[in-house]
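The structure appears below as structure tokens.
The values are calculated or read from the model by the stated rules, or taken from the named source; none is laboratory data. The shown structure was predicted, so the numbers you read here are calculated from the model rather than taken from an experiment. Neighbour counts are summed over all protein chains in view; Cβ atoms, including those assigned to glycine, are modelled from backbone coordinates with ideal geometry. We work out accessible area using only protein heavy atoms, side chains counted, and drop any ligands, DNA or RNA first. Shrake-Rupley method; radii C 1.70, N 1.55, O 1.52, S 1.80 Å.
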Amino acid sequence: MARINDVGGTQGFGAIDTTDDTEPFHADWEARVVGLYNTLRAQGIFNTNEFRDAIESMPPADYLATSYYERWFLAICSLLERKGVIEPGELDG
């Protein structure tokens, strides 16, 4: 079964932007999300495959409406809830 991230051959997504972007992050919070990911993964809270699956399992509308690092953050939050590190809804503001 194809997930929303698997759009190979799908029409309507427009051309791929291939300009060389030398900035790894466009906002400070993006770097913090990567740091959070690296820390939690190193502590064994989740592994790379679980993280990838959490991103790929996002509801299609959410996946398409979020940026790259927003997906990372939402996947981390989902995994922390699934693993019992935080209570469901604890991060809801």
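Brief remarks follow.
- Packing-based order for 83-92, 66-75, using average beta carbon neighbours within 10 Å, highest first: 66-75, 83-92
- Protection-proxy order for peptides 43-53, 20-30, each taking the mean of Cβ atoms within 10 Å per residue, highest first: 43-53, 20-30
- Segment 27-93: C-alpha gyration tensor shape, a/c 1.5 cut-off, then a/b vs b/c: rounded
- Added length on full extension, which subtracts the Cα-Cα distance from 0.36 nm per residue, Glu81 to Ala65: 3.6 nm
- Accessible surface, segment 26-93, averaged per residue in Å² (probe 1.4 Å): 63 Å²
- Using θ = phi - 60° in the Karplus curve 6.51 cos²θ - 1.76 cosθ + 1.60, the 3J(HN,Hα) couplings for segment 18-35 round to 10, 5, 7, 9, 7, 8, x, 9, 9, 8, 4, 5, 5, 5, 5, 5, 5, x Hz; x is entered for Gly and Pro.
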